[in-house]
Amino acid sequence: MTYRTDAPPPALRRMDATFDALALICRIVTGIALVVLTVIFGWLVFGRYVLNATPTWVEQVALLLVMTIAFLGAAVGVHDHTHLAVTFLRTSVPRGLRAVLVVVTDLMMAGFGALMLWYGAQLTAFKWGAMIPLLQWPEGLRSLPLTIGGGLILLFSAGHLIRRALGRDTRLDTIE
């Protein structure tokens, strides 16, 4: 497969711009969630050891924040090619086989994202009527990051496949 150096088609530029914007939103949300997580755990420690009154809601909010950080962060990792990956096999095989392994990997990631989206949406809908103890927020909020993260992993992986099909894949382990 040859890799083109001319300008990408407008549709591909729009797709990349949209995916970059989604990844930026995820980075902002996960960054805010990490700051809030740090602050509320500081409050937990202060309340427990200084005020002698433990704020019990902190642990429930922390679970929601950790889910948000984990699943949105994983989606950004797929977008940016920084997710946990073992590329030893891919980089040690001949170029033609490497191309096949890259496509297989992207297809598997897209399938995994689709499963996360599908089953996460079902779990979110199923649990939405129940309330999280101490917070009285819908229990479905716990699995909403799974659903959103899965959808984003599916989209970002599909984007990689589209770029690959158009000869515009710029990932180093696919073209070196």
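The requirement of being out of contact with any strand residue (DSSP E or B) (no Cβ under 8 Å at 6 or more places or on another chain), surrounded by 13 or more Cβ atoms within 10 Å (Cβ to Cβ) and assigned to a helix (DSSP H, G or I) is not satisfied by Ala11.
Scanning the stretch 94-133 for residues that are more than 16 Å from Ser157 (Cα to Cα), aliphatic (A, V, I, L, M), out of contact with any Lys or Arg (no Cβ under 9 Å at 6 or more places or on another chain) and assigned to a helix (DSSP H, G or I) turns up Ala121, Ala125. Just to verify a result, which residue in the stretch 30-81, among those that are in contact with a helix residue (DSSP H, G or I) (Cβ under 8 Å, 6 or more places away or on another chain), exposed (fewer than 15 other Cβ atoms within 10 Å of the Cβ) and assigned to a loop (DSSP other than H, G, I, E, B), is modelled with the highest pLDDT? Selected residue: Ala53. Would you check if Gln136 is more than 19 Å from Ala23 (Cβ to Cβ) and not in a helix (DSSP H, G or I)? Spelling it out, Gln136 is indeed more than 19 Å from Ala23 (Cβ to Cβ) and not in a helix (DSSP H, G or I). Against the conditions (1) touching a residue at least 60 places away in the same chain (Cβ under 8 Å); (2) in a helix (DSSP H, G or I); (3) within 30 Å of Pro9 (Cα to Cα), Gly167 satisfies every one except (2).
The residue that is surrounded by the most Cβ atoms within 10 Å (Cβ to Cβ), among those in the stretch 124-165 that are among the basic types (Lys, Arg) and over 25 Å from Val102 (Cα atoms), is Arg142.
Out of the residues in the stretch 82-105 that are hydroxyl-bearing (Ser, Thr, Tyr) and over 24 Å from Phe19 (Cα atoms), which is surrounded by the fewest Cβ atoms within 10 Å (Cβ to Cβ)? Taking the candidates together, the pick is Ser92. Between Leu141, Leu107, the distinction of being touching a helix residue (DSSP H, G or I) at 6+ places or on another chain (Cβ under 8 Å) and under 16 Å from Ala75 (Cα atoms) belongs to Leu107 only. Checking each residue in the stretch 108-135 for being more than 22 Å from the chain's Cα centre (by Cα) and of a type in the set (A, V, I, L, M) picks out Ala130, Met131, Ile132, Leu134, Leu135.
All of (1) within 20 Å of Ile162 (Cβ to Cβ); (2) hydrophobic (A, V, I, L, M, F, W, C); (3) free of Cβ contacts under 8 Å to residues at least 12 places away in the same chain hold for Val35 with one exception: (1).
The values are calculated or read from the model by the stated rules, or taken from the named source; none is laboratory data. Everything numeric here is computed off the predicted structure, so don't read it as measured data. Virtual Cβ from ideal backbone geometry, glycine too; neighbours counted across all protein chains shown.
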